[in-house]
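For reference, the structure discussed in these notes is given below.
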There are 2 protein chains.
Amino acid sequence: MLPRGRPRALGAAALLLLLLLIGFFLFGGDLEYERPRGAAALDGDPPADRGGHNLSDCVPPRPRPLPPKCELLHVAIVCAGHNSSRDLNTLVKSVLFYRKNPLHFHLVTDAVARNILEMLFHTWMVPAVGVSFYDLEELKPQVSWIPNKHYSGLYGLMKLVLPGALPPDLARVIVLDTDVTFASDIAELWALFAHFSDKQVIGLVENQSDWYLGNLWRNHRPWPALGRGFNTGVILLRLDRLRQAGWGQMWKLTATRELLTLPATSLADQDIFNAVIKEHPGLVQPLPCVWNVQLSDHTLAERCYSEASDLKVIHWNSPKKLRVKNKHVEYFRNLYLTFLEYDGNLLRRELFGCPSPPPPGTEQLQRALAQLDEEDACFEFRQQQLTVHRVHISFLPHEPLPPRPHDVTLVAQLSMDRLQMLEALCRHWPGPMSLALYLTDAEAQQFLRFVEASAVLSARQDVAYHVVYRKGPLYPVNELRNVALAQALTPYVFLSDIDFLPAYSLYDYLRASIEQLKLDSERKVALVVPAFETLHYRFSFPSSKAELLALLDSGSLYTFRYHEWPRGHAPTDYARWREAQTPYRVQWAADYEPYVVVPRDCPRYDPRFVGFGWNKVAHIVELDAQEYELLVLPEAFTIHLPHAPSLDISRFRSSPAYRDCLQALKDEFHQDLSRHYGAAALKYLTALQWLPAASPLPPPHLGSHAPCRHWSSLATHPTLPAI
Amino acid sequence: MLPRGRPRALGAAALLLLLLLIGFFLFGGDLEYERPRGAAALDGDPPADRGGHNLSDCVPPRPRPLPPKCELLHVAIVCAGHNSSRDLNTLVKSVLFYRKNPLHFHLVTDAVARNILEMLFHTWMVPAVGVSFYDLEELKPQVSWIPNKHYSGLYGLMKLVLPGALPPDLARVIVLDTDVTFASDIAELWALFAHFSDKQVIGLVENQSDWYLGNLWRNHRPWPALGRGFNTGVILLRLDRLRQAGWGQMWKLTATRELLTLPATSLADQDIFNAVIKEHPGLVQPLPCVWNVQLSDHTLAERCYSEASDLKVIHWNSPKKLRVKNKHVEYFRNLYLTFLEYDGNLLRRELFGCPSPPPPGTEQLQRALAQLDEEDACFEFRQQQLTVHRVHISFLPHEPLPPRPHDVTLVAQLSMDRLQMLEALCRHWPGPMSLALYLTDAEAQQFLRFVEASAVLSARQDVAYHVVYRKGPLYPVNELRNVALAQALTPYVFLSDIDFLPAYSLYDYLRASIEQLKLDSERKVALVVPAFETLHYRFSFPSSKAELLALLDSGSLYTFRYHEWPRGHAPTDYARWREAQTPYRVQWAADYEPYVVVPRDCPRYDPRFVGFGWNKVAHIVELDAQEYELLVLPEAFTIHLPHAPSLDISRFRSSPAYRDCLQALKDEFHQDLSRHYGAAALKYLTALQWLPAASPLPPPHLGSHAPCRHWSSLATHPTLPAI
């Protein structure tokens, strides 16, 4: 029983108790959030006062709201060069995997990264993701005066100038290094802005090493910092307040002063951020350590988390990256590999619940896809044609030579099953190449390792590899060709296929021919490189036209597709080529598909042709329709090596439906041709009517439209494949 | 100003207000949890009383605790056959991806699924995951009396008998259909057990279709249910209470009674669960709809969630599965594909924070791996040898014929780049095959589609495909062979390679020979199938020995590896074979590696040989050491088709370090051989000393230990590959 007579005092006591209870329920759960289940500060117990600054005091006891549903979150990343662009791709995949909010990425890039990332994001078409680019070169002068020894070079320092570089009306941004991996929803990180006091402008995680404590070795003199200092791999920036506080002056003053006694920054921007914070401790809002679990050597990160669910962001801040030694590195590596190999196409998922403008082109595409008839026998073809592939150009470092007036780039495309061709191709073609590779995200990593393991491939800086990420069942051959073609940097391109090896001399010979013929890129000319084939796996590659002719005569070589598709190359007129001393002109004929050298601005390939069949033929028709002259080069040749049939050609051979669909594509191509070129295109239709429809085994004898002149009398005629 | 004089009333009012506030803070957040942000009940507004039962009343206003850290969670799944085993693999990947607790899977399986899943879990080696199996056949009689029209057949009904089938001391279990995908931590689902009242025994999500409302069409008479009824794709079972309540009798009584008027169950167990619940509404604890988002046709699921973060478990409960039409199906499909293609090896991550016994063998393996020296030139080889690969046997439906006494299974292994061989192989070998495929999880799906698209492959029920999931840089050739060999079901096996096509008659001829030679599996005999090769891509396969000899004489065929490695097959004595009418015995010689037919219990391949080289040679040494007789069959032959060099052979050819490592493996093999066979193994070492070490290009002339007798005088000698 309650004692009577003291109702007021009791009421007051009850009130107090209840207020305390409310306080507990209001903030209790969020305190737990601040220090996740089992997670402790770095030293286990509440951190002692370090440098006059008690970190445990800095976590304000405030409720944690997730950001309002559908709030746009801003992320800034500095990214330069090919390798960082690949890292950024992996980081972005991890962010997108867990995110539920619209995002805007602010990318401070050099020209290389911008080129790569603009294409990547443009073709990725992720709903509710915006991207802006900022020119790193323009910003460089603001930091280039700072002597710096860190492996990130000037790029690390660039984070200091973000408040001035980002749009003036942008108030908050999360800044990330490219070597972090998310293991949670970035909105939870954004929500920590709500913990900032009125004076705080920078949110940072404590450094998880003893670097800033000094004395790691004799004469180890780190920059000044509060205690262990802070790591700048993950930063929350109140840009509005930084600008108001004159951040641009503030950090420069501090840096200048410290550089009077210190020779250079060791850890780039991080040294300067820490020096400023040491001077103005009120600026920093310490963040829970799980938001930047640092896997440097001798890391103390282990004190930060006690179980997997604690981990929010992993930071590979050792130059050793994945090879770093750490008790749980296997766990972290698996997380990283998850996103490294994750199919980025699967992130094209809409944020339903958050209406946001669809990526450019999406609506039109959706409409077109919706109009397709799933029962249509060619549905697969139509769908593949409408598929937008993610494109990652210059996947590996690529340093082209300065452009030369007659230079020629070899253009081709391939998938994993032709990787073995690359070394041989590099030996045969010493000039620049632009190659499109059709790969899954995981295969792209295998490809990377393949190149790294090859001395021949690693040595070449003039070969550009463009990854087109796989999607759909049919090989988008012409889209791949167009990607590679668009990235060629020389005035001329040699449009080849991956299973051909050019004559060793071809690169030099082509450039000399272009010069001798006084071609310029205005002149519409296609130089034909006659194509041959060997049916033998092992053979010694002819080093001259004379040797090639001898092999032809001995039946070791054939003209290309002599047995199955002679009309594809008959118009090259091999008999004439045999005797020719100078280039000669030939006429287009139906189904002609020579390998040609053309100016870079030649017509693109028609992307409607997917899978096997007619993809090159249509391109040559287009060249002819645009009145390109066809000139056969008398000393040029290229040789096709045998390989197992591709899955697409197997389907073409075994499926009448597949061949019917190809016929439908051809018909539509001709209709478009007529629309475009009018009466002039009539000749292609007429030529077609003279020919039988595409068949896997063309008739042995062809009409005058496709003269089959083959002059190697010794050539035997092996039976067609039994398999 | 507050009016004075009424302090008590005011105090009471304040108290009330505060109590209300406390109530709000105590339960508010959790009510929000119960009905996620923006998520509504199926009808948008609080559901009306349906069948005398108000669903909204069923969500108890209690706090939601996550289960205690490290609590072991139990999951039961019924799984039968090859296809469901693949589904289960995907489901388990999604559960493991998000889980933070130790798990125990209780799998009720038929013999096929048990075989597959035992191997899968055994080789998966995921920490903190236990598995128990229960025999579906034993439990079948308990439900087989129930007439059922659902596509899941009897297997669906099996969920009814779980309380009796699972261990008597198991109190709680989550029951899942194989066609669900997790999008969240299963511990959150387990935590809902805490919401059960004392009387509740079953947690279920409301059905997201109007099926049980009836009248979907004329004479549509569903089983009785409360309102829309409940879906049984995700169930929480209080097994302890069910047993106490006499569940076994309860459901049988209800089912028997309903079957007096209804002809059969339409939705298997679900009809019976619903009928019982209709009778005893107090048994059910309705679960938030996001725990079973049902993508059936005409689903009402969309009313359940408003954004992606709401989704917890997706249920593909339409026979159309991924092809189902739904507003957000693209989103759901991406989630499903994420786990379908997810590299299961990445889930081998320890649950740090929850000490649990490591999977069997892990510790030993960890020790061995820790002892490896990363600087060792052969580190990659050592690491690959220690790698345990996840094995998914019988990946596709496989219905072997009953075993016949002289039957022979063709055994081989391959990766993606040899898929094209499968159709041809099926045409050449009409008998059973056991093939190991080295694939990533994503490639396994491509392979599945490849088989489904091929009429030739789909028609074969006697070809077993065993997927060994890729891990590590070197091809584990001998491990793959052992996997395929272990799964052969006939008394004899033909140990072949994927790039060989056997004579069309070989299968019949081998069985006839085994019978004629009166072999039995006790007799240690290896029948040699002479090997040939064509260097031409196109050639017509000889239909008889006579035709083969003619091709040899014309130089269209060679004895296998005639040009680069004649001693691998020279002991077969091709000259003698040419004339032979009856089987003849040959002697082992160094580096002999014939293709042989042996009893199924033959020695296994030595898994230390990874990558390229000596992997078959070592096996033949082992056969000889165990005194297998080598008998060459006079009418048998098999022909190697050309293919691009594998990446491994390319590395062997280009890397001296690779060849040195292979030599080290050979030396160790010989040491082990001596240890095992003592003096008898001396001959192998002696033979080795007479021979030069393995080299990519063996010398043109070999000593008497490897006589190079080649009798095709017309065969030309093309130069070695220029590429």
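The values are calculated or read from the model by the stated rules, or taken from the named source; none is laboratory data. Every value quoted in this text rests on a predicted model; they were computed, and no experiment measured them. Positions of Cβ are generated from backbone atoms using ideal geometry, with glycine treated the same way; all protein chains shown enter the neighbour counts. The accessibility values were calculated without ligands, DNA or RNA, using every heavy atom of the protein model including side chains. Shrake-Rupley method; radii C 1.70, N 1.55, O 1.52, S 1.80 Å.
Residues in segment B:369-398 that are open to solvent by 30 Å² or more (accessible area, probe 1.4 Å) and either outside any loop (DSSP other than H, G, I, E, B) or in contact with a Pro (Cβ under 7 Å, 6 or more places away or on another chain) (or both): B:Leu369, B:Ala370, B:Gln371, B:Phe379, B:Glu380, B:Arg382, B:Gln383, B:Gln385, B:Leu386. A residue that is over 31 Å from the mean Cα position of the chain (by Cα) and under 18 Å from B:Ser266 (Cβ atoms) occurs nowhere in segment B:166-177. Of all residues in segment A:511-536, exactly one satisfies the criterion of being within 14 Å of another protein chain (Cβ to nearest Cβ), of a type outside the set (D, E, K, R) and outside any loop (DSSP other than H, G, I, E, B), namely A:His536. When every residue of segment B:292-306 is checked against the conditions, at least one turns out to be within 14 Å of chain A (Cβ to nearest Cβ), in a helix (DSSP H, G or I) and open to solvent by 10 Å² or more (accessible area, probe 1.4 Å).
Which one is farthest from B:Ala187 (Cα to Cα), of the residues in segment A:309-325 that are free of Cβ contacts under 8 Å to residues at least 40 places away in the same chain and touching a Ser or Thr at 6+ places or on another chain (Cβ under 7 Å)? Before you say what the answer is, go through the steps one by one.
Residues of segment A:309-325 free of Cβ contacts under 8 Å to residues at least 40 places away in the same chain: A:318, A:320, A:322-325.
Retained after the next criterion (residues that are touching a Ser or Thr at 6+ places or on another chain (Cβ under 7 Å)): A:318, A:324.
Numbers: A:Ser318: 34, A:Val324: 32 Å.
Here the residue is A:Ser318.
Taking the criterion of being open to solvent by 10 Å² or more (accessible area, probe 1.4 Å), on the phi < 0 side of the Ramachandran plot, out of contact with any Leu (no Cβ under 8 Å at 6 or more places or on another chain) and at pLDDT below 95, would at least one residue in segment A:418-437 satisfy it? Yes, there is a match, as at least one residue in segment A:418-437 is open to solvent by 10 Å² or more (accessible area, probe 1.4 Å), on the phi < 0 side of the Ramachandran plot, out of contact with any Leu (no Cβ under 8 Å at 6 or more places or on another chain) and at pLDDT below 95.
Of B:Asp508, B:Asp497, all but one fail to be part of a loop (DSSP other than H, G, I, E, B), of a type in the set (Asp, Glu) and modelled with pLDDT of 95 or more; the exception is B:Asp497. Taken together, the criteria place A:Arg323 among residues that are closer than 30 Å to B:Asn345 by Cβ, open to solvent by 50 Å² or more (accessible area, probe 1.4 Å) and within 10 Å of chain B (Cβ to nearest Cβ).
Pick out the one residue from B:Leu351, B:Leu340, B:Leu410, B:Leu347 that is buried (at least 19 other Cβ atoms within 10 Å of the Cβ), in contact with a strand residue (DSSP E or B) (Cβ under 7 Å, 6 or more places away or on another chain) and not polar (S, T, N, Q).
Working: B:Leu351 fails: in contact with a strand residue (DSSP E or B) (Cβ under 7 Å, 6 or more places away or on another chain); B:Leu340 fails: in contact with a strand residue (DSSP E or B) (Cβ under 7 Å, 6 or more places away or on another chain); B:Leu347 fails: in contact with a strand residue (DSSP E or B) (Cβ under 7 Å, 6 or more places away or on another chain).
Of B:Leu351, B:Leu340, B:Leu410, B:Leu347, the one residue that is buried (at least 19 other Cβ atoms within 10 Å of the Cβ), in contact with a strand residue (DSSP E or B) (Cβ under 7 Å, 6 or more places away or on another chain) and not polar (S, T, N, Q) is B:Leu410.
The set of residues from segment A:340-371 being touching an Asp or Glu at 6+ places or on another chain (Cβ under 9 Å), closer than 21 Å to A:Met119 by Cβ and of a type in the set (A, V, I, L, M, F, W, C) comprises A:Leu340, A:Leu346. Every condition in (1) open to solvent by 50 Å² or more (accessible area, probe 1.4 Å); (2) within 14 Å of chain B (Cβ to nearest Cβ); (3) hydrophobic (A, V, I, L, M, F, W, C) is met by A:Leu401 except one, and the failing one is (2).
Can you name every residue in segment A:73-104 that is surrounded by fewer than 22 Cβ atoms within 10 Å (Cβ to Cβ) and free of Cβ contacts under 8 Å to residues at least 40 places away in the same chain? Across segment A:73-104, the qualifying residue is only A:His104.
Can you find even one residue in segment B:208-223 that is within 24 Å of B:Phe182 (Cβ to Cβ), within 37 Å of the chain's Cα centre (by Cα), touching a residue at least 40 places away in the same chain (Cβ under 8 Å) and crowded, with 24+ Cβ neighbours inside 10 Å?
We begin by selecting, within segment B:208-223, every residue within 24 Å of B:Phe182 (Cβ to Cβ); these are B:208-209.
Those left that are additionally within 37 Å of the chain's Cα centre (by Cα): B:208-209.
If we keep only those that are touching a residue at least 40 places away in the same chain (Cβ under 8 Å) too, we end up with B:208-209.
Now narrow it down to the ones that are crowded, with 24+ Cβ neighbours inside 10 Å: B:208.
Taking every residue of segment B:208-223 in turn, at least one turns out to be within 24 Å of B:Phe182 (Cβ to Cβ), within 37 Å of the chain's Cα centre (by Cα), touching a residue at least 40 places away in the same chain (Cβ under 8 Å) and crowded, with 24+ Cβ neighbours inside 10 Å.
Could you grab me the full set of residues in segment A:307-319 that are more than 17 Å from A:Val92 (Cα to Cα) and either in a strand (DSSP E or B) or within 12 Å of chain B (Cβ to nearest Cβ) (or both)? Result: A:Glu307, A:Ala308, A:Ser309, A:Asp310, A:Leu311. Considering segment A:537-550, and only residues there that are at the interface with chain B (Cβ under 7 Å from one of its Cβ atoms) and either open to solvent by less than 40 Å² (accessible area, probe 1.4 Å) or among the charged types (D, E, K, R) (or both), the residue that is nearest to A:Ile639 (Cα to Cα) turns out to be A:Phe541.
Of the residues in segment A:557-578, not one is within 30 Å of A:Pro403 (Cα to Cα) and in contact (Cβ under 8 Å) with a residue 12 or more places away in the chain. Against the numbered list (1) farther than 22 Å from B:Ala76 by Cα; (2) in contact with an Asp or Glu (Cβ under 9 Å, 6 or more places away or on another chain); (3) buried (at least 17 other Cβ atoms within 10 Å of the Cβ), B:Asp310 comes up short only at (2).
Scanning segment B:128-139 for residues being open to solvent by less than 50 Å² (accessible area, probe 1.4 Å) and not in a strand (DSSP E or B) gives a total of 3. Among the residues of this structure, A:Val617 does not count as one that is open to solvent by 10 Å² or more (accessible area, probe 1.4 Å), closer than 24 Å to A:Ala412 by Cβ, among the β-branched types (Val, Ile, Thr) and without any contact (Cβ under 8 Å) to a residue 60 or more places away in the chain.
If a residue must be more than 21 Å from A:Leu506 (Cα to Cα) and not charged (D, E, K, R), how many such residues does segment A:572-615 contain?
Total meeting the criteria: 15.
Just so you know, in segment A:649-671 the residues that are over 20 Å from A:Leu685 (Cβ atoms), open to solvent by less than 70 Å² (accessible area, probe 1.4 Å) and away from chain B (no Cβ under 11 Å) include one that is modelled with the lowest pLDDT, and it is A:Phe652. Taking A:Leu337, is it free of Cβ contacts under 8 Å to residues at least 60 places away in the same chain, within 25 Å of the chain's Cα centre (by Cα), more than 8 Å from every other protein chain (Cβ to nearest Cβ) and not in a strand (DSSP E or B)? Spelling it out, it is not the case that A:Leu337 is free of Cβ contacts under 8 Å to residues at least 60 places away in the same chain, within 25 Å of the chain's Cα centre (by Cα), more than 8 Å from every other protein chain (Cβ to nearest Cβ) and not in a strand (DSSP E or B).
Taking the stated definitions as given, is B:Pro358 outside any helix (DSSP H, G or I) and more than 14 Å from every other protein chain (Cβ to nearest Cβ)? Walk me through it before giving the result.
Working: outside any helix (DSSP H, G or I): yes; more than 14 Å from every other protein chain (Cβ to nearest Cβ): no.
When the stated conditions are applied, B:Pro358 does not pass them.
Could we say that A:Leu283 is at pLDDT 95 or above, more than 35 Å from the chain's Cα centre (by Cα) and aliphatic (A, V, I, L, M) here? So A:Leu283 passes the test.
Is it the case, given these coordinates, that B:Arg470 is touching a helix residue (DSSP H, G or I) at 6+ places or on another chain (Cβ under 8 Å), surrounded by fewer than 18 Cβ atoms within 10 Å (Cβ to Cβ), within 14 Å of another protein chain (Cβ to nearest Cβ) and of a type in the set (Lys, Arg)? Explain how you work it out, then say what you get.
Working: touching a helix residue (DSSP H, G or I) at 6+ places or on another chain (Cβ under 8 Å): yes; surrounded by fewer than 18 Cβ atoms within 10 Å (Cβ to Cβ): no; within 14 Å of another protein chain (Cβ to nearest Cβ): yes; of a type in the set (Lys, Arg): yes.
It is false that B:Arg470 is touching a helix residue (DSSP H, G or I) at 6+ places or on another chain (Cβ under 8 Å), surrounded by fewer than 18 Cβ atoms within 10 Å (Cβ to Cβ), within 14 Å of another protein chain (Cβ to nearest Cβ) and of a type in the set (Lys, Arg).
Put simply, of B:Pro594, B:Pro603, B:Pro566 the only residue that is away from chain A (no Cβ under 14 Å) and surrounded by fewer than 20 Cβ atoms within 10 Å (Cβ to Cβ) is B:Pro603. Could you give every pair whose Cβ atoms fall below 8 Å, whose first residue belongs to segment B:241-259 and is farther than 20 Å from B:Lys199 by Cα, and whose second residue is assigned to a helix (DSSP H, G or I), counting only separations of at least 6 or pairs across chains? Listed pairs, sorted by first residue: B:Ala255/B:Ile272; B:Ala255/B:Ala275; B:Glu258/B:Asp271; B:Glu258/B:Ile272; B:Glu258/B:Ala275.
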